[in-house]
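Novice: I'd like to ask you about the structure that follows.
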Amino acid sequence: MDLNQLVKGKDGDKEFLLGNEATVRGAIEAGVSIAATYPGTPTSEIGNIFSVLAKDAGIFFEFSINEKVAMEVGASSSASGLKTLVFMKHVGLNVASDSFMSAVYTGTPGGMVVLVADEPSMFSSQNEQDTRNYARLANCPVLEPSNPQEIKDMMKYGYELSREFSIPVIIRTTTRVSHMRGVVEFEDISDEEVFENSNNNNQHLQRDSSPVHWKKGFFKKNKQQFVPVPQNAGIMHEKLIAKMIDINKVSNSSKLNTVFEFNNSGNKRKLGLIAGGSAFNYAYDVINGDNLEMDILKLGFTYPFPKNLVLDFVKDLDGIIVVEEVDPIVEKEILVILGEAGLNIPVYGKINGTFPMPYEYNCNIVRDSINKIINENGNDLDNSKELELNKDLTNLKNNLPDRLPTLCAGCSHRATYFGVRRAMDEMGIANEDLIFSSDIGCYTLGISPPYETTDYLLSMGASIGDACGFSAGTNQYIVSFIGDSTFFHGGIPQLINGVHNKHRFVVTVLDNRTTGMTGGQPHPGLPVDGMGDFAPEISIEKIAKASECEFVETINPMLLKQTVDTYKRALKHDGVAVIIAKHPCTLIKGLKRKKPMTINQDKCNNCKICIDKLACPAISVVNEKVIIDHLVCKGCAVCVQVCDERAIVGKKN
């Protein structure tokens, strides 16, 4: 679709939108002024779209240095009377949680939505945590859409709720909801002014004459509201508890919680099903498609948990089926409700083993789990055709060859890994005597053979902190890897910690001039901001030197001799050594493609170093000959430097 329609679309228009596209339209319709994020799948498309459309939509947008800063940008702007949107993936909320917890206390009078995308099955994440736990920890309302239309509508409603109660509202999506497509009907775009109590009288305070394309607010000072020192925080907490009691009344009567009636039976055992978000889609398809006679309570406003509504739904049932992804949170809430009401109704979910505990669901998983329950009553589902299909798919899957994810052809990280390994060999350092601490990014793929440069991994920005621990706790050599964007995100404090505490290790900042793994977003090390305008380029080298690192060198990792020699000196350095391996990502748009390489078969002796040690996906063996796929090769020429026989040369044509 034409993304400009997200800004220009009128009331009644219909577009076939990705869930993340619907998020942007919802923010625009709601009248958001400020949006901030740190890119992370499954939310990456939201930021990419804002970076293109923000100016036309009258929104200030930034790719913040990390999620904590994004949260702070959103909270303070909302405290100034503006509607703000902060979005991130589930593990990003870990980074933002410190400021998020306090923002719930201080309140967000202008209105603030925090969209968090969970990732059941961990397609691109290090864990499978459930954001709904954070809502209970912070005492923050949660809305859970199940399709793009609901995302757009709940975005708008989220701001209404947030403004009414001056509290952040979490919208929890999942991978499937963020990335599914559906028809979305547009409504009018809000022309609402900034929050009326913001006392917007600061026009004379404009610091310069530069025009801005977004609304400005005004922060009205109130220490009792916005400064959670102990004497204020206690009162804030009491007010928050009262807010949640009032919001609970709203959730119990909310139209976002809906009953779908499928039970027309007479004396049959009455089963009811409760689901929300993406899990609802699977449950609905199974109940409707298989003509099962059980009603569904769809929960869209899931916290504060609508106890009265749920109790009314379950009180006359013979059994309750709970379908939810990741943690059994709704299931536990229902068990509490039954206990308080003294009802002895069996609950079928994750806790009793009816549904699997980890990973995302699909219709087959939901059908098989419901089948276990129906079997108890001697009324099995007729799914013989489905079982036969599952058997065929299982056989096919079991016979597929394994294909590990790999770095792109021409990726400079591959050259860096080859260089550090060769430096180890030339220095006589055994593999068990050197620890590689790695981080979150494309370079985590160094875990695979032949590089095997990932021995320890915790979270984004932690690799340098991990190296501090290994330095204190072992006498081994240590090399940490961190990306340029990740260095800004969370690596700078750890670097300072390492220098100040006299640790000894090598930091490799893999500077590929972009935020690579999430689609190529900018970061502070580039001369452009999130809306495409010029911005000051922050030097990684200067930061390292300002942190009192005595060994700071920038290399082109594609020059293997330079790379190897630099690592050999860095590994001997008594302190923190910083190597910036600087070379643009091969996927950056607009890069001129270099001439591909080819192999002179008369010189090739089939030693296979280029395959076994370098492992470039453009190089393979066909009919017992090493060949280079000219369509895949990026012409980086690292393989030329690896080949001792000089059998690899540039292709003439």
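The values are calculated or read from the model by the stated rules, or taken from the named source; none is laboratory data. Please read all numbers here as calculations on a predicted model, not as lab measurements. As a convention, Cβ positions derive from the backbone with ideal geometry for all residues, glycine included, and neighbour counts pool all protein chains shown. All accessible areas refer to the heavy atoms of the entire protein, side chains included, with ligands and DNA or RNA removed. Shrake-Rupley method; radii C 1.70, N 1.55, O 1.52, S 1.80 Å.
Novice: Based on this model, can you work out whether Asn291 counts as modelled with pLDDT under 90, surrounded by fewer than 12 Cβ atoms within 10 Å (Cβ to Cβ) and assigned by TED's automatic domain parsing to the domain that holds Ile370?
Specialist: Yes: the conditions hold for Asn291.
Novice: So, in the stretch 317-336, how many residues would count as being open to solvent by less than 10 Å² (accessible area, probe 1.4 Å) and among the aliphatic types (A, V, I, L, M)?
Specialist: Selection size over the stretch 317-336: 6.
Novice: For Val259, indicate whether it is open to solvent by 50 Å² or more (accessible area, probe 1.4 Å) and closer than 29 Å to Val169 by Cα.
Specialist: So Val259 fits the description; yes.
Novice: A further question on this structure: Do you know which of the residues in the stretch 93-111 that are in contact (Cβ under 8 Å) with a residue 60 or more places away in the chain and in a helix (DSSP H, G or I) is nearest to Lys221 (Cα to Cα)?
Specialist: Restricting to residues being in contact (Cβ under 8 Å) with a residue 60 or more places away in the chain and in a helix (DSSP H, G or I), the top hit is Thr106.
Novice: Then there is this: Taking the stretch 49-66 only, how many residues are open to solvent by 10 Å² or more (accessible area, probe 1.4 Å) and in contact with a strand residue (DSSP E or B) (Cβ under 7 Å, 6 or more places away or on another chain)?
Specialist: 4
Novice: Residues of the stretch 530-558 being open to solvent by 50 Å² or more (accessible area, probe 1.4 Å) and free of Cβ contacts under 8 Å to residues at least 24 places away in the same chain, which ones?
Specialist: Asp533, Phe534, Pro536, Glu537, Lys542, Lys545, Ala546
Novice: Is it the case that the stretch 499-509 has a residue that's modelled with pLDDT under 85 and on the phi < 0 side of the Ramachandran plot?
Specialist: Applying the first criterion (modelled with pLDDT under 85) to the stretch 499-509 yields 501.
With the extra rule that they be on the phi < 0 side of the Ramachandran plot, the set shrinks to 501.
The answer is yes; a qualifying residue exists.
Novice: Scan the stretch 198-211 and give yes if some residue there is modelled with pLDDT under 85, buried (at least 20 other Cβ atoms within 10 Å of the Cβ), outside the structural domain of Ile329 (by TED's automatic domain parsing) and not hydroxyl-bearing (Ser, Thr, Tyr), otherwise no.
Specialist: Checked against the condition, which is being modelled with pLDDT under 85, buried (at least 20 other Cβ atoms within 10 Å of the Cβ), outside the structural domain of Ile329 (by TED's automatic domain parsing) and not hydroxyl-bearing (Ser, Thr, Tyr), the stretch 198-211 yields no hits at all.
Novice: With the checklist (1) out of contact with any helix residue (DSSP H, G or I) (no Cβ under 7 Å at 6 or more places or on another chain); (2) open to solvent by 80 Å² or more (accessible area, probe 1.4 Å) in hand, flag the one item Ala279 doesn't pass.
Specialist: Condition (2) is where Ala279 drops out.
Novice: Determine which single condition Thr453 fails, assuming it passes every other condition in (1) crowded, with 19+ Cβ neighbours inside 10 Å; (2) modelled with pLDDT under 85; (3) under 25 Å from Gly410 (Cα atoms).
Specialist: Going through the list (1) crowded, with 19+ Cβ neighbours inside 10 Å; (2) modelled with pLDDT under 85; (3) under 25 Å from Gly410 (Cα atoms), Thr453 breaks only (2).
Novice: Let me ask you something else. Among Thr41, Thr84, Thr23, which is the only one that is touching a residue at least 12 places away in the same chain (Cβ under 8 Å) and touching a Leu at 6+ places or on another chain (Cβ under 9 Å)?
Specialist: Step by step, each of Thr41, Thr84, Thr23 is checked, and only Thr23 is touching a residue at least 12 places away in the same chain (Cβ under 8 Å) and touching a Leu at 6+ places or on another chain (Cβ under 9 Å).
Novice: Does the stretch 461-475 contain at least one residue that is surrounded by 16 or more Cβ atoms within 10 Å (Cβ to Cβ) and assigned to a loop (DSSP other than H, G, I, E, B)?
Specialist: yes
Novice: May I ask you to list the residues in the stretch 76-92 that are more than 29 Å from Gln231 (Cα to Cα), in a helix (DSSP H, G or I) and either touching a helix residue (DSSP H, G or I) at 6+ places or on another chain (Cβ under 8 Å) or of a type in the set (D, E, K, R) (or both)?
Specialist: His90, Gly92
Novice: Something else about it: Identify all residues within the stretch 50-69 that are touching a residue at least 40 places away in the same chain (Cβ under 8 Å), under 16 Å from the mean Cα position of the chain (by Cα) and assigned to a helix (DSSP H, G or I); write none if there are none.
Specialist: None - no residue of the stretch 50-69 is touching a residue at least 40 places away in the same chain (Cβ under 8 Å), under 16 Å from the mean Cα position of the chain (by Cα) and assigned to a helix (DSSP H, G or I), so the list stays empty.
Novice: Could you check the stretch 410-464 and list, in sequence order, the residues that are β-branched (Val, Ile, Thr) and free of Cβ contacts under 8 Å to residues at least 12 places away in the same chain?
Specialist: If the condition is that a residue be β-branched (Val, Ile, Thr) and free of Cβ contacts under 8 Å to residues at least 12 places away in the same chain, then Ile447 is the only one that fits.
Novice: Restricting attention to the stretch 515-529, and to residues there that are free of Cβ contacts under 8 Å to residues at least 40 places away in the same chain and not in a strand (DSSP E or B), which single residue is least open to solvent (accessible area, probe 1.4 Å)?
Specialist: Leu526
Novice: Looking at (1) open to solvent by 10 Å² or more (accessible area, probe 1.4 Å); (2) assigned to a strand (DSSP E or B); (3) small (Gly, Ala, Ser), which is the only condition Ser125 fails?
Specialist: If we test Ser125 against (1) open to solvent by 10 Å² or more (accessible area, probe 1.4 Å); (2) assigned to a strand (DSSP E or B); (3) small (Gly, Ala, Ser), just (2) comes out false.
Novice: Take the conditions within 21 Å of Gly428 (Cα to Cα) and either exposed (fewer than 14 other Cβ atoms within 10 Å of the Cβ) or among the charged types (D, E, K, R) (or both) and apply them to Asp574. Does it pass?
Specialist: yes
Novice: Also: Among Val73, Val114, which is the only one that is without any contact (Cβ under 8 Å) to a residue 60 or more places away in the chain, within 25 Å of Ile49 (Cα to Cα) and not in a helix (DSSP H, G or I)? Reasoning before the result, please.
Specialist: Numbers: Val73 fails: not in a helix (DSSP H, G or I).
It is Val114.
Novice: Taking only the stretch 490-514 into account, find how many residues are open to solvent by 10 Å² or more (accessible area, probe 1.4 Å) and not in a loop (DSSP other than H, G, I, E, B).
Specialist: Total meeting the criteria: 8.
Novice: In the stretch 350-373, which residues are surrounded by fewer than 16 Cβ atoms within 10 Å (Cβ to Cβ) and not in a helix (DSSP H, G or I)?
Specialist: Ile351, Asn352, Gly353, Pro356, Met357, Pro358, Tyr359, Asn362
Novice: Still on this model: Having 1 or more residues that are touching an Asp or Glu at 6+ places or on another chain (Cβ under 7 Å) and among the polar types (S, T, N, Q) is the bar; report the strands (runs of 3 or more DSSP E) wholly within the stretch 266-328 that clear it.
Specialist: 301-303
Novice: In addition: Looking at (1) touching a Phe, Trp or Tyr at 6+ places or on another chain (Cβ under 8 Å); (2) open to solvent by 40 Å² or more (accessible area, probe 1.4 Å); (3) under 25 Å from Ile167 (Cβ atoms), can you tell me which one Lys298 breaks?
Specialist: (2)
Novice: Would you confirm, using the coordinates I've provided, whether Ser97 is modelled with pLDDT under 95 and touching a Leu at 6+ places or on another chain (Cβ under 9 Å)?
Specialist: Yes: the conditions hold for Ser97.
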